Amino acid sequence: MKNEEQIEAAIITAGLMAPRITPTDIDEAIVGQQYWQPEGTTLTVCVLTLKNGTTVVGESACISAENFNADIGKNIAFTNAREKVWGLEGYLLKDKLTLGVERIARVAHEVNRAYCVATGDKSQEAWDKTPEWQQESALVGVKAHLSKELSPRESHEAWAAHKLADGWSWGLTKDADKKKHPCLVPYDSLPITQRVKDYLFTAVVKNMR
């Protein structure tokens, strides 16, 4: 596993600390191992059991029977089986991150919608009925918070930057077709009712991350 250790050291040195799978994660995922070496062959089979019950198989064999060594065969079979665990763990992490971001965005949206209703604004739809552009805005906001802890002010600034980059500009009333939004102003110029939304969004992401 020396090559893995070298790669891991290089990743840490480069400061690449976003969610990822590490060699330690792979080791911790493996809870059992079994080996089978059929008599009269140079084949070695390694079966790894993962903590969720999944089994992964690795094989090893040599062409010349004179070169067969049981311990070396087991080591190679184990390495081949362990290599497959990377793909499985990577898939699980990606799935978790994707579902996690949407789940947080959904909750943040519903909290915002409840606040709007409490203040007399009943224009917000439930998440599943919300326009795609609005869902995307919430998803981008969550990702921004997950990559770096943001204050409510920074949250608004990140939201505004995304909107401006997408072609939106200030308008007296919100109009998705014309890409106009009344909140595209400096944070200090926002009415307190709008600043509260940034506090709510920040709190939801912080406590669900």
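Read-outs throughout are calculated quantities, based only on the coordinates presented, and are distinct from any laboratory measurement. Note that the coordinates shown come from a computational prediction; the quantities given were computed from them, not determined experimentally. With ideal geometry, Cβ positions are generated from the backbone for all residues, glycine too; neighbour counts draw on all protein chains shown.
Could you state the angle between the C-alpha long axis of helix 152-165 and the longest principal axis of the C-alpha atoms of the chain, as a value from 0 to 90 degrees rounded to the nearest 10? Taking Cα atoms only, the helix is inclined about 90 degrees. The label-point distance for Glu154 and Ala18, in a model that sets each label 7 Å from Cα toward Cβ, rounds to 1.7 nm.
Taking every DSSP helix (H) stretch of at least 4 residues in the chain, weighting each as -39,500 (n - 2.57) and dividing the sum by the residue count yields a mean residue ellipticity at 222 nm of -19000 deg cm²/dmol. The packing ranking, built from the mean of other Cβ atoms within 10 Å per residue, places the peptides 53-66, 9-22, 92-105 in the order 92-105, 53-66, 9-22, highest first.
Of Lys51/Lys148; Lys122/Lys148; Lys94/Lys179; Lys148/Lys174; Lys143/Lys163; Lys74/Lys94, which pairs sit farther than 26 Å apart, going by alpha carbon to alpha carbon?
Values: Lys51/Lys148 31 Å; Lys122/Lys148 32 Å; Lys94/Lys179 32 Å; Lys148/Lys174 28 Å; Lys143/Lys163 15 Å; Lys74/Lys94 31 Å.
The answer is Lys51/Lys148; Lys122/Lys148; Lys94/Lys179; Lys148/Lys174; Lys74/Lys94.
How far is helix 2-13 tilted off the main Cα axis of the chain, in degrees rounded to 10, range 0 to 90? That helix lies at roughly 20 degrees to the long axis. Taking a ≥ b ≥ c as the square roots of the eigenvalues of the Cα gyration tensor, the range 128-200 is oblate, since a/c reaches 1.5 or more and a/b is not larger than b/c. Find how many whole Å separate the alpha carbon centroid of the range 195-209 from the alpha carbon centroid of the range 16-35. Using only Cα atoms to place each centre, the spacing works out to 32 Å. Placing +1 on the Cβ of every Lys and Arg and -1 on the Cβ of every Asp and Glu, with nothing else charged, gives the chain a dipole about its Cα centre of roughly 1020 debye. Positive end of the dipole of the range 1-135 (Cβ unit charges, origin at the Cα centre): among Asn3, Cys62, Trp127, the Cα lying farthest that way belongs to Trp127. Of Glu89, Glu28, Glu157, which has the largest mean-square fluctuation in a 10 Å C-alpha GNM of the chain? Comparing Glu89, Glu28, Glu157 in a Gaussian network model of the chain, the most mobile one is Glu28. Placing unit charges on the Cβ atoms of the charged side chains and taking the dipole of the chain about its Cα centre, the candidate lying farthest along the positive direction among Val204, Ser147, Phe78 is Val204. Pairing the Cα long axis of helix 192-208 with the longest principal axis of the chain, what angle in degrees results, from 0 to 90 and rounded to the nearest 10? Value to nearest ten degrees: 10. Placing pseudo-labels 7 Å out from each Cα toward the beta carbon at Asp128 and Gln6 gives an inter-label distance of 5.3 nm. Descending by average beta-carbon neighbour count within 10 Å, the peptides 168-181, 34-47 line up as 34-47, 168-181, the highest first.
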